[in-house]
């Protein structure tokens, strides 16, 4: 039975047997779902190993720095596959997100060779890249001696490939021809609406399609539900308040953070249109946001939705995904909808957060670390994570077409696939790449807090912000 | 010949003995001379361990040094400090840090002294209560901040519920710029009042009994006893406790960062939080170091002031040292 199961899985991986046939014949052989999955996974690894010398760095010990996240969990669950395929040993340190990036900064700024590869966000590479702490991965991807011929880099969603590549020039276009690939997209999140269907039904409203509608719907929900508030968005004094829903809506109105002229940056957040957008956003939070909004990170936004304290969120789609499962009170009640903030826009343009893998410049075994990175971002591992674990959203187009994955999501997460499919073409990073990203975006969040608290009027606040940003850009030699 | 040899041999032995005898006291003398240096060596090493990072920070504070803009790296002398003078954010940081330190230490002193006075009689109950009151001090401040964050949550926090009963329906605690300082001050007071209390309690219990007995015999009013006898005698303890807390409080980080990250807006942007953000988020090493050096200077000036005052009090009590 063992041999037959293995042969069947191998035939399936070679596409000689359809999924339906696989299931039928596996049940005839008396194989459980788990056993069939095991054989398929093994066959995929063997297929992956067929055309490439994965054993080249056998015996090497790699060390990873990881953030506590379902993506990391999926990788750890499948790590033995990599170890047996390559003969390498992999150890890792894993930290919660609150302290994770401090640890990365400390390790890299000290030139430590302790970690070979690590998880990062694309924005962070705008610091790590110019500082010389991480490798340009184009050199590895394009080297046929170092990269598995089946790696299929082009299968990674184009918006994500571009968003993780930058030429290092402040204001330089992401994904330009001269861009360096600072990291490999691993899993990502785009920003749309996740909402509590029973609450919407109770009040008799539909998911909003644009920002003016969202302001109205959230106010009605707050008023009529008598307890839960209308809409959850982030509000802490951090750059992370700007990048999800806020910037997704902002870019949908065609607004930018900076204008670039003759290689010099200038603040662009105090245009007339930007001020109108900020007015709406601030009004929405004041009327229908959480009472302690200014302390809200992704965690509070998500848990409020899961606990039934909020009726909807405009945040990462995967946050809504995770709140629809586990031990959450509202498990099974969360639905999803695409969201284009601008009523005149034809489609959503969500800004994205991309958990990625980067290669440390201080690693003493970069080639071996690259072997790990290409395995962890391979179609095979992506499929494993998407089918068996909570590896949403996968970054590969082929995985999004996978029937098993789609069926699983469609069954338990109503509207999730649609919101993704509608939004994915316009999903990318809408920030201007520049080294002062964290300083200036945190200051933007600070100004937003002052506006919501009515410490400063919106137009005055934005003018002050723009003046301050321009001064800082000039001081750093980036502004005119 | 044999005799001569024997004499020579005995003379040599005698010389050796005499050399050994003179070398031993010399070694002892050298050891005695080196002993003070050897004894102070550990302190010297610790001192070096402190001074190296300090002077490194001073060096960086005089540099234009952002990790993500390496091409701009260079020595700029005091430009980082000079830029503070015209920087509104710096003056905001300075004033918030001083207000926070002053308000928390004052609150903790008043409460700590009050509780210490209540527990001064060493009964079993008082001893048990004083131990229980130490529990907040054993909680990590960041953990205490998170606990308070939950208790002040407007949706389900117990404290939000209690203040709503008093008519404050929409009390937003740390989320509102007008109440954010009050909220973090409350957490600080909750955590650190036991520290002052235990120091002052020890001080109160060690005061000589005679002045109090004499005052009781004369029928002196209790307020007079407190202000004219207890408080002056307790002053060295009060100054010590204040010094410790003030130095700690002006360097506050964990409570404020855990609760608000320095917000709302820039309402709680104290030195340590600003410096932490400058380094870990903005990778601006030069500015971060300059902020810390300014904080060190303030701390140093305050400690000097308090120590001088403390020495004066001691001199008044015991005569010149």
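Averaged across the residues of A:292-300, what count of C-beta atoms belonging to other chains lies within 10 Å of each residue's C-beta? Don't jump to the answer; show the numbers that get you there.
Numbers: counts 14, 4, 12, 13, 1, 1, 0, 0, 3.
Going residue by residue through A:292-300 and averaging, the value is 5.
Determine the relative contact order of chain A: mean sequence separation of Cα pairs under 8 Å and six or more apart, normalised by residue count, in whole percent.
Details: 897 pairs, mean separation 105.4, N = 480.
Here the relative contact order equals 22 percent.
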Inset, instruction - Over the whole of B:259-271, what's the average partner chain Cβ count within 10 Å per residue? Rounded to a whole number, please. - result: 6
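Neighbouring Cβ atoms within 10 Å as the yardstick, rank A:102, B:248 fewest first. Don't skip to the end; give the middle numbers.
Working: A:102 14, B:248 17.
Placing the least packed residue first, the sequence is A:102, B:248.
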Inset, instruction - Kindly provide the helix-only [θ] at 222 nm of the protein assembly as shown, computed as the sum of -39,500 (n - 2.57) over DSSP H runs of four or more divided by all residues, to the nearest 500 deg cm²/dmol? - result: -18000 deg cm²/dmol
Legend entry - Virtual spin-label span in nm between residue A:51 and residue B:217, 7 Å along Cα→Cβ: 10.6
Inset, instruction - Go through A:202-209, A:218-225 and give me the packing order, highest mean Cβ count within 10 Å leading. - result: A:218-225, A:202-209
Inset, instruction - Mind giving me the nanometre distance, one decimal, between the label points for residue B:228 and residue B:40, set 7 Å out from Cα along Cα→Cβ? - result: 4.7
Inset, instruction - Measure off 7 Å from each Cα along the Cα-to-Cβ vector at residue B:209 and residue A:201, then give the distance between these two points in nanometres to one decimal. - result: 7.8
Inset, instruction - Just rank A:312, A:88, fewest to most, by other beta-carbon atoms within 10 angstrom. - result: A:88, A:312
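Would you please give the FRET efficiency between residue B:142 and residue B:162, computed as 1/(1 + (r/R0)^6) with r the Cβ-Cβ distance and R0 = 35 Å, to the nearest 0.05? Before the final figure, lay out each step's value.
Numbers: r = 24 Å, r/R0 = 0.68.
According to the calculation, E is roughly 0.90.
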Legend entry - Burial ranking of peptide ranges A:123-133, A:186-196, A:443-453 (average Cβ count within 10 Å, highest at the top): A:186-196, A:443-453, A:123-133
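Given a Förster radius of 51 Å and the C-beta distance between residue A:297 and residue B:312 as r, what FRET efficiency does 1/(1 + (r/R0)^6) yield to the nearest 0.05? Present the calculation step by step, with values, prior to reporting the outcome.
Details: r = 49 Å, r/R0 = 0.97.
E between residue A:297 and residue B:312, to the nearest 0.05, is 0.55.
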Legend entry - Two-site FRET efficiency, residue A:467 against residue B:71, from Cβ-Cβ distance with R₀ of 30 Å, rounded to 0.05: 0.70
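Can you give the average number of partner chain beta-carbon atoms within 10 Å of each beta-carbon in peptide A:129-135, as a whole number?
Numbers: counts 1, 7, 6, 3, 2, 0, 0.
The per-residue average across the peptide is 3.
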Legend entry - Cα-based helix-to-principal-axis angle, A:19-28 vs chain A, degrees rounded to 10: 50
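Coordinate-derived values only; no laboratory data. Since this is a predicted model, take the numbers as computed values, not measurements. Counting neighbours? That spans all protein chains shown, and the Cβs are built from the backbone with ideal geometry, glycine included.
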